[in-house]
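To keep things clear, I will list the structure first and then write my remarks on it.
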Protein chains: 2
Amino acid sequence: MTMANKYRFFLFRSTQQVLRCLYSRRAVPSINHIYSTKPSLPPNSLAWAYNISRSCSTYSSGQSSFSLRSHTCGELCSSHVDEEVTLCGWIQYLRQDLFVILRDFSGLVQILIPQDESKSELKNAFLGLTVESVIMVKGRVRCRPEGQENKKMSTGEIEVCAESMEVLNTCRKLPFEIKEFVKKSEALRMQYRYLDLRSPRMQYNLRLRSQMVMKMREYLCNLHRFVDVETPTLFKRTPGGAKEFVVPSGDPGKFYSLPQSPQQFKQLLMVAGIDRYFQLARCYRDEGSKPDRQPEFTQVDIEISFVDQAGVMSLIEGLVHYSWPEDKGQINVPFPSMTYEEAIRDYGVDKPDTRFGMKLVDVTTAFQESQIEFIKDALLKPSGCIQAICVPEGTVRTESGDSHSYEVSVVPVRADGSLKSPLSRLLSDTAKQQLLQMAQANAGDLIFITAGPRENVRPLLGKLRLQCVELLESYGVPVRDPSVFHFLWVVDFPLFLPKEDNPEMLEAAHHPFTAPVPEDAHLLYTQPRKVRGQHYDLVLNGCEVGGGSIRIHNASQQLYVLDTILKEDPSLLSHLLEALDSGAPPHGGIALGLDRLVSIIVGAPSIRDIIAFPKSFRGHDLMSRAPDFVSEEDLKPYHISVVWPSADIEGQQDNSV
Amino acid sequence: MTMANKYRFFLFRSTQQVLRCLYSRRAVPSINHIYSTKPSLPPNSLAWAYNISRSCSTYSSGQSSFSLRSHTCGELCSSHVDEEVTLCGWIQYLRQDLFVILRDFSGLVQILIPQDESKSELKNAFLGLTVESVIMVKGRVRCRPEGQENKKMSTGEIEVCAESMEVLNTCRKLPFEIKEFVKKSEALRMQYRYLDLRSPRMQYNLRLRSQMVMKMREYLCNLHRFVDVETPTLFKRTPGGAKEFVVPSGDPGKFYSLPQSPQQFKQLLMVAGIDRYFQLARCYRDEGSKPDRQPEFTQVDIEISFVDQAGVMSLIEGLVHYSWPEDKGQINVPFPSMTYEEAIRDYGVDKPDTRFGMKLVDVTTAFQESQIEFIKDALLKPSGCIQAICVPEGTVRTESGDSHSYEVSVVPVRADGSLKSPLSRLLSDTAKQQLLQMAQANAGDLIFITAGPRENVRPLLGKLRLQCVELLESYGVPVRDPSVFHFLWVVDFPLFLPKEDNPEMLEAAHHPFTAPVPEDAHLLYTQPRKVRGQHYDLVLNGCEVGGGSIRIHNASQQLYVLDTILKEDPSLLSHLLEALDSGAPPHGGIALGLDRLVSIIVGAPSIRDIIAFPKSFRGHDLMSRAPDFVSEEDLKPYHISVVWPSADIEGQQDNSV
């Protein structure tokens, strides 16, 4: 026993001092000490519990292999009674000078502090510990005395009688306690992410993500012989890639670009005969401060040759089914499927949340004879219509929001079936009956009606539908079951859309490599706006979690789309066009947004909760303070210099996260 | 049958025309056609061979699941005789108007072109094909007629009698043929990488890499419960990280940095209680044009809590053993181990190639009495010594290279055992005998002798040893068995080394987070140059394929190393120091260089041969021409502008790859 130990010993001899130390969370001296009731243990040797010989040629497996511990805290149960165990973990609680609750990733276990006079040294060592310090304990498992079992604790039937203890590290006073019930601000959680990740919730999220990914790999690689190929992230700026980060190179004026997806590479791999490719691909997008987006994110990237749309969809259904976490219940395959046209018609959005009804209804015919001015006006315009959604039992307080550019009429249905609305006296009884019937409205329901061009009315009601359900749920009306997962395919998207800033021009609805639906291919050359693409989106609970397509594999068709239809400079994609002309097989693929998918599965409010070290919504790492300044000297090799904004612009910068 | 088909038909009715077309490799019309002897097949439907119903809830597995094909080309054998198969692939050869050799990733198969008059349409369609065009063939497997089997071909016992054929895509004249025997320049291979990857060798390399990685994941994730955690690649510049790419952010003057490894994150994950972390991590290093380096590369990144050095080494031995490719023979674990001191002493290098002997021998005593001037001079200097290597049968022509700053004497040993060297007459007979004995030299051997300070002499002889063996092998003298894999651990590295430009200062031998060997820890505060680190390097056949260490987990020790010993600004790592002070468990880890490891296993001359889309040694992508110019307009959001070098510097830029 060294002097240091003796000294420390003395420090904590009185209970008062121990308490004071605990209260102030003053760190204990940070040299490792072993406090043991067995005199034979050598100090300062982490290997004393190490039970795997380097000379054996077969290795044990499991969560404690190669480790100083023999068991994890959370795995102990009554079947371990009388076993000698070695545990490593963090001090969760110190209770009544009698118990230490030890935590590791697997859970909690109660350690009994010996109370004999002969073991006072060990007892005092325990009492000197601060919360979140790291120790190794050797002891024997026993059943808790009758009546002292803790049913709420998975290890609540047993406890470990400590025989020796080594302090592996001490813990300073932390900025927040590692307890689920302690509320922390998002900024504090991010600044001390390494503490935040100790919470059971974050441990669960990251471990579930890892396991799902492993199952996906087994499915793709082992079951279906896909090849995991890594593609470069230092690439070339894609045409119009305004959201791509640039990386200066050593060649003056030349930059790499961090790609938004491996789209070109996956197609080139098909031309290369890789046949079935997948990658958990890191992707980059500079979207400034869009909420719940990350500058880097991960997609499950898949491409397959000699396949059609139904093949890719079946592959993905099998993938999701195979990798689905056991504790989240069964999901059924195949997933239902809906055309883009149907989705917009019934839900006003291309990623409908099908966990509830409240579909859009066209009630134009009920208003055909109406003399109401704004209705008449609306119906006179091209594609003018009257549409409605009916909110069952929606007469609880509902706000329709002020953000709509088209007028929305709220029509509550009274208990007697009559309409409580100024509209009521302007409509004939027949029209009212017709409206109620078309909207399938009952007493107590609420009908939202709006008039205008179809392309405006539908998205408006689509948004309103989601706002309504959120409002209902905020008032405690259960609409969507949080344990239910509704997967849905949306198919038959238009291949091109009018450009927002110039509707005469077309842009690719998804990307310019999507193949047309075979029946529509001939329309490419005559009516490109009517062409549907072989594109498919995977929607989960109203969120897009994946999208893909069968690609154009014919060089001249690809050239026609790029050059003639989209008016893009084909020379920027000359390598891809050349590749298609070099024996490209028919191919298609998909990318799943892993972060979004996992966050929905675990029910996380943000994708930041399933990423170990996310950026803030302004793209900052609050822990390491990235991005950071770089000296002009360090920028020289890249031939760039900073263009500082003028003072008034700089003044607009704020320090929000 | 459409007009287009009839027309095309006509085009190829004469053999001469077919030949002319083949000769000119003129592309056939690029609309897909089906040429069938069965009239019922609908044209333009890729799905006709699609045999997986979307309505079934269980899915088939294997390399042809979800595919238009029923089998791969390479899997067919005599057990498939009489089966109806659908194959998709590339035209490898057209032979004598009778056969087509079809290729996919799995191999080659012979397709028999029907010769009946009734099937002339199908025959002509085959004859119109260009090499590397993509087709789908339906047909029946049959045994080849007796005597026509091809033993060299894995499918050489059978052939497929074509019944119908669909042209899926045509192929232009390619810049090089897809045949192993056709030599291509590296630049051409890189420019048309998607063609280069079609070669069996590249297919093998990428598929072996994928399979090894999958096995590694199984071992880590399934067998040992490691958690696969993704860490950010948009990070903060590390102190002294001169080789890190910068990524301008939207905040003026602030940059992300692409990290050289996830070192900080993996340690923070241990503080976070993740317990066992791994990741196939993309890493970045801007090393300009160093040969066989890539600006982005992949490491198998591992960190584990509550472990010691022996534990990590056992873990890695198990990992390599488990993931080792079957066709590369057995490897034995545990791997042998050597201290840094022993490696330098015996091999003159810290990553010895132990596949052959020719170790360094200290022959100082043989020269103790020598009056040779340069020998006497050398021995007078501090750590002066005479060292030698003996090259068995080395009297074949050997060049010692001119790059050595210390004089090397080449001493061939004659058949009669005498030394053929000017040294011979300057040495006593006893000394000569002693020299021969110490060097274990026999007649025909060659002895290299050099004198000088030990720290110079050893690396010099170490390099010479490798040059000798390469020279011997280039003369056809087999020294190293190419099918043998020698793994070796090198341990007990010094923790600090004198800085090259200022030997009074110390720098971390590996990185500042490596923990000292426990017995040496007290020397940190007194004689830091004598401290050995708990660092371990994994060496394979003389190449470093991995390195790791047990880390410092004590905040004050880490601060002392950074601040007092290395004189680095600790504020740049304040988040890590704070984390260590927050209950950091003892932990350690390793990173394996995946690219290098796989390239040695497959025997590739360069890591470019096991990377799908590598950069040239100047960091260029020759296919897409990345990096590329970016307009000043596109740089504006990042607040940077290009600093163009003056004209004379620009003149030095060349276009080499």
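Measure nothing but the geometry: give the 0 to 90° angle between the long axis through the Cα atoms of A:429-438 and the longest principal axis through the Cα atoms of chain A, rounded to 10°. Computed tilt is about 50 degrees.
In the assembly of identical copies, residue A:556 has its label point, taken 7 Å from Cα in the direction of the beta carbon, separated from the corresponding points by 8.0 nm (ascending, one decimal). Taking the three principal axes of the alpha carbon atoms in region A:419-576, the coordinate ranges are 63, 41, 29 Å, sorted in descending order. Each Cα pair under 8 Å and six or more residues apart adds its sequence gap; the mean of these over the residue count of chain B is a relative contact order of 12 percent.
With a threshold of 24 Å on the Cα-Cα distance, the over-threshold entries among B:351/B:530; B:243/B:290; A:236/B:254; A:184/A:351 are A:184/A:351. Simple rule: put +1 on each Lys or Arg Cβ and -1 on each Asp or Glu Cβ in the protein assembly as shown, find the dipole, and look at B:338, B:77, B:600; the Cα lying farthest toward the positive end is B:77. The mean sequence separation of alpha-carbon pairs under 8 Å and at least six residues apart, normalised by the residue count of region A:130-207, gives a relative contact order of 29 percent.
Calculated mean residue ellipticity at 222 nm for chain B: -7000 deg cm²/dmol, from DSSP H runs with n ≥ 4 weighted as -39500 (n - 2.57), summed, divided by the residue count and rounded to 500.
Each peptide in A:175-185, B:335-345 gets a packing score, the mean of other Cβ atoms within 10 Å over its residues, and the list from highest to lowest is B:335-345, A:175-185. Model label points for residue B:161 and residue A:243, set 7 angstrom from Cα along the Cα-to-Cβ axis, are 5.7 nm apart. In a reduced charge model with +1 at each Lys and Arg Cβ and -1 at each Asp and Glu Cβ, chain A shows a dipole moment near 2380 debye about its Cα centre. Rounded to the nearest 20, the size of the Cβ-charge dipole of the protein assembly as shown about its Cα centre is 1000 debye, with Lys and Arg at +1 and Asp and Glu at -1.
Each Lys and Arg Cβ is given +1 and each Asp and Glu Cβ -1; about its Cα centre, region A:356-474 then shows a dipole of about 140 debye. The rotation axis taking chain B to chain A passes closest to this chain B residue's Cβ, listed with the gap in Å: B:640, 2. The distance between label points at residue B:416 and residue A:355 comes to 9.7 nm (points 7 Å beyond Cα on the Cα→Cβ vector). Counted over region A:356-474 with a bin width of 10 Å, the fraction of Cα pairs per bin, in whole percents, is 14, 50, 32, 4. Given in Å, the Rg to one decimal and the Dmax to the nearest whole number for the Cα atoms of the protein assembly as shown are 36.0, 129. Under the criterion of Cα pairs below 8 Å and six or more residues apart, the relative contact order for region A:356-474 equals 38 percent.
Label-point spacing for residue B:476 across the identical copies (point 7 Å from Cα in the Cβ direction), in nm and ascending order: 9.4. Which of rounded, prolate or oblate describes region A:69-134 when judged by the alpha-carbon gyration tensor and an a/c cut-off of 1.5? Oblate, because a/c is 1.5 or more while a/b does not exceed b/c. With the convex hull drawn around the C-alpha atoms of chain A, the volume per residue stands at 255 Å³.
Using a label point 7 angstrom from Cα along Cα-to-C-beta, what distances in nm, from shortest up, separate residue B:526 from the other copies? Nearest first, the other copies' label points are 9.5 nm away. The simple Förster model, with R0 at 25 Å and r as the Cβ-Cβ distance, assigns residue A:185 and residue A:293 a FRET efficiency of 0.75. Within 13 Å, Cβ to Cβ, of residue B:113, how many net charges do the neighbouring residues add up to if Lys/Arg are +1 and Asp/Glu are -1? Its environment carries a net charge of -2.
Every number in this text was worked out from the coordinates using simple rules, so none of it is lab data. Computed from a predicted structure; not experimentally measured. As a convention, Cβ positions derive from the backbone with ideal geometry for all residues, glycine included, and neighbour counts pool all protein chains shown.
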